[in-house]
Amino acid sequence: MLAYALRRVLMLVPVFLAVSVVIFLILHFIPGDPIDNLLKVGAPPEQRAEMMARYGLDRPLPVQYAIWLGKLMTGDLGTAIVARRPVADLIAQALPHSLLLGGLALAFSSLVGIMLGVIAALQKDRLLDRLVMGGVLFGSMLPSFWLGLLLILAFSVGLGWFPVSGARTWSSLVLPVLTIGFGGTALVARITRISMIDIASRDFVLLLHAKGLSPFEIQIRHVLRHALIPVVTILALRIGWILGGAVTVEVVFARPGLGTLLIKALSQHDYPVVQASLLMLAMAVMLGTLLGDLLQAAMDPRVRGALA
């Protein structure tokens, strides 16, 4: 298992380098730069050239990338050009809010999705199965920002149950968690249902029926346990995507977090902040993929043997 884990970690190194190049180049190809937000209107060209040189923006892009990557390898995320604060401090201040929101949304989509998937599998091809799967499929088709606005109109403006925005109380987390969690619930429910139906047709399940075990015990204690292997993998992969999905939701609900920090930095063309924020989101996806592979290998030895 240790050798398998080391191989998977090493495979992420070229992926990380490729992602860092893409993030750096795309950001620098966007028209404008952070100096525009620092200079006053009508500032002389000499002042602009001086500030470009101060922040190293007058150097060729390969040189800028090499400097940024070198600092990154030492844990230095740089200093925000517009905010004039260490980027690490800004990330440390915003990231806990996003992790809390993403973690609760992942827990919600996992528990509700597995429960709905089990119900649909036990009622295969019946009315309840069609209603459950139709409902979760409809929920997954709604864009998160639009669903968030609908929830605000219904439960904040209309009923006054939850705050419209902010992060001062725990109640302010309810609507953002539901907004992010609905999309993941559909995926988890569908994977759980398909996996349970597939496992239920295996020979060992027929043997359990022959031994006289109750159908409910077979489904919950045996079929569900084996069916959770692909579900766990999907949930691990969802870690990064949920954190990325929190970007738009944080803006809709005016919550502090990595998404709000990223959008503000993008509007200011603050390169160090945007690069660090996007890199955090990309690393969340890569770490989620790694965690999913490791969990699947731990639960199914055949996966480890495939790369031996």
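The values are calculated or read from the model by the stated rules, or taken from the named source; none is laboratory data. These numbers come from a predicted model, not from an experiment. Note that we place each Cβ from the backbone using ideal geometry, even for glycine, and neighbour counts take in every protein chain shown. In case anyone asks, the SASA skips ligands and DNA or RNA and just uses the protein heavy atoms, side chains included. Shrake-Rupley method; radii C 1.70, N 1.55, O 1.52, S 1.80 Å.
Scanning segment 229-282 for residues that are aromatic (Phe, Trp, Tyr) and over 30 Å from residue 194 (Cβ atoms) yields 253, 271. Check segment 199-209 and report whether any residue there is at pLDDT 75 or above, of a type in the set (S, T, N, Q) and closer than 30 Å to residue 147 by Cβ. Within segment 199-209, none of the residues are at pLDDT 75 or above, of a type in the set (S, T, N, Q) and closer than 30 Å to residue 147 by Cβ.
Among residues of segment 239-261 being part of a helix (DSSP H, G or I) and open to solvent by less than 10 Å² (accessible area, probe 1.4 Å), the one that is farthest from residue 97 (Cα to Cα) is 240.
Report, by residue number, each residue of segment 114-127 that is surrounded by 13 or more Cβ atoms within 10 Å (Cβ to Cβ) and part of a helix (DSSP H, G or I). Listed by number, the residues that qualify are 114, 115, 116, 117, 118, 119, 120, 121, 122.
Determine which member of the set 155, 138, 145 is in contact with a Ser or Thr (Cβ under 7 Å, 6 or more places away or on another chain) and open to solvent by 60 Å² or more (accessible area, probe 1.4 Å). Break it down stepwise before answering.
Numbers: 155 fails: in contact with a Ser or Thr (Cβ under 7 Å, 6 or more places away or on another chain); 138 fails: in contact with a Ser or Thr (Cβ under 7 Å, 6 or more places away or on another chain).
Just one listed residue meets the conditions, 145.
Here the condition is being assigned to a helix (DSSP H, G or I) and either modelled with pLDDT of 85 or more or touching a Cys at 6+ places or on another chain (Cβ under 9 Å) (or both); of 111, 151, 147, it holds for 111 alone.
Is it the case, given these coordinates, that residue 221 is of a type in the set (D, E, K, R), open to solvent by less than 60 Å² (accessible area, probe 1.4 Å) and either part of a helix (DSSP H, G or I) or modelled with pLDDT of 75 or more (or both)? Against the criterion (of a type in the set (D, E, K, R), open to solvent by less than 60 Å² (accessible area, probe 1.4 Å) and either part of a helix (DSSP H, G or I) or modelled with pLDDT of 75 or more (or both)), residue 221 does not qualify. Residue 194 meets the conditions (1) surrounded by 21 or more Cβ atoms within 10 Å (Cβ to Cβ); (2) more than 20 Å from the chain's Cα centre (by Cα) in every case but one. The failed one is (1).
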